[in-house]
Every structure is written in C-alpha cells, then in structure tokens.
Amino acid sequence: MAIYHFSAKIISRAAGRSAGAAAAYRSASRLHDERLGRDHDFTNKAGVVHSEIMLPEGAPERMRDREALWNEVEATEKRKDAQLAREVEFAIPREMTKEQGIALAREFVAREFVTRGMVADLNVHWDVSTDGEAKPHAHVMLSLREVGPDGFGAKAREWNATALLGQPSRMAYQRTVMAVHSPNAAVRRS
C-alpha cells in the first residue's frame, strides 16, 4: 500500500542551520562550507541511491556542482537569520523498484519545482525501517531565489504560497504515485 508522506520546511540560519551541511547529509557526501570554513563529511551515511542537481532553464551550469551551488546560496544571503532553502521530503511507495522510485521522484520534482524556476537538489534514500522493510523516500532542497545566467536574483516570494507547497502539492504527488498501476509499471507522464 502506498504511503503519501509529504512535508516541507525551511532551512534557515535562525535555526542554526547551514545549507552546505544539510546538502552534504542528504547526499551522503563531503562538502566544504566556505562561510563556516569547514568540511561537512557524511560519506559514511548509507542508503542514498540517487543524487542529482536539477536546474531550471537558463541556470548556469556551475550550479550542477553541489558544493558550488550551496556555497553560492550561503554567499548570496547576508542576514544572520536568512532563509537558505526549502526542503521537501516525500515517501516513495515500497512496492516500487529503486529505478521506479527514482523515476517517480525525478518526474515529480521536475514538474512541480524545476519548471517553476527552482534549483532542486534531489536525493533518494532507500533506508531499511525497524520492521526490516524498505523505507524509500526523497529529500529535495530547493532554492528560494530566482536564477538566471549570472546566478541568483531576487527571492521568489510566490514560492512560499500555500497553493504551491500545501495541499495542492500533496495532491499532485498523490496523482503522480497513482499514475503507477502496479509495482512493475513504468512511471507515466500526467
């Protein structure tokens, strides 16, 4: 049975967070944080089966590099309480293969976020829960600023709208999951 866990939250300095540390943890990688002057190393973290940066049209290619991307986000934000990124987390149905789950996550993130102009750092985790079953889910860190060929511009306040990240996004994700007829079906475009 498919589980439709879907949540969104802000990664902010006010909460003592770092975009670089958050990205390193979610991608199970090592990233140097220029603002803090230190490395965040989560290369021993298991369960990350897919990791990629998805860019909207017109974004500079340098942002495909995770370390460069999140250091640029940190450098762009000047306030000590700055909102750095939005994280969206959603469950992937256990019935899917890893390939199907990755395809589902990529399709949903591209359609709901990247086409709106957001840079998306997508990481699919295929952990094992306490009952011994797979616990597949995706973490998506999203930029909060418009992006163009020269880099980040103004904050896109409309991306904070409930219509984008509230119930409509949850429903869009449910529709994406429901497009899969069986555990062996390929993800279909809606």
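Please treat every number below as a calculation from the coordinates, not as lab data. Computed from a predicted structure; not experimentally measured. Because the Cβ atoms are built from the backbone with ideal geometry, glycine has one as well, and the counts that use them run over all protein chains shown.
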Efficiency by 1/(1 + (r/R0)^6): what FRET value for Asp127 and Asp39, r their Cβ-Cβ distance, R0 = 30 Å, to the nearest 0.05?
0.80
If you stretched the chain out fully between Ala46 and Arg111, how much longer would it get, using 0.36 nm times the residue separation minus the C-alpha to C-alpha distance?
20.6 nm
Could you list the trypsin sites (Lys or Arg not before Pro) in segment 67-163 that lie in coil according to DSSP, counting only those with at most 14 other Cβ atoms within 10 Å of their Cβ?
Lys78, Arg79, Lys80
Given labels modelled 7 Å from the Cα in the Cβ direction, how far is it in nm from Asn160 to Asp81?
1.2
Going by a ≥ b ≥ c, the root eigenvalues of the Cα gyration tensor, does segment 28-170 fall in the rounded group (a/c under 1.5), the prolate group (a/b larger than b/c) or the oblate group?
oblate
Using 0.36 nm per residue, how much length does the chain from Glu99 to Ala14 gain when fully extended, once their Cα-Cα distance is taken away?
26.9 nm
Hey, got a sec? Which GluC sites (Glu not before Pro) in segment 18-113 land in a DSSP loop and have at most 12 other Cβ atoms within 10 Å?
Glu57
Please give the Cα centre distance for segment 101-145 versus segment 11-41, rounded to the nearest Å.
18
Out of the trypsin sites (Lys or Arg not before Pro) in segment 19-77, which ones are loop residues according to DSSP with at most 16 other C-beta atoms within 10 Å?
Arg35, Lys45
Going 7 Å from the Cα of Glu57 in the Cα-to-Cβ direction, what parts of segment 139-156 have a backbone nitrogen less than 15 Å from that spot?
147-149
Positive-end residue, segment 1-45 charge dipole about Cα centroid, Cβ charges, pick of Gly37, Ser12, Ala23
Ser12
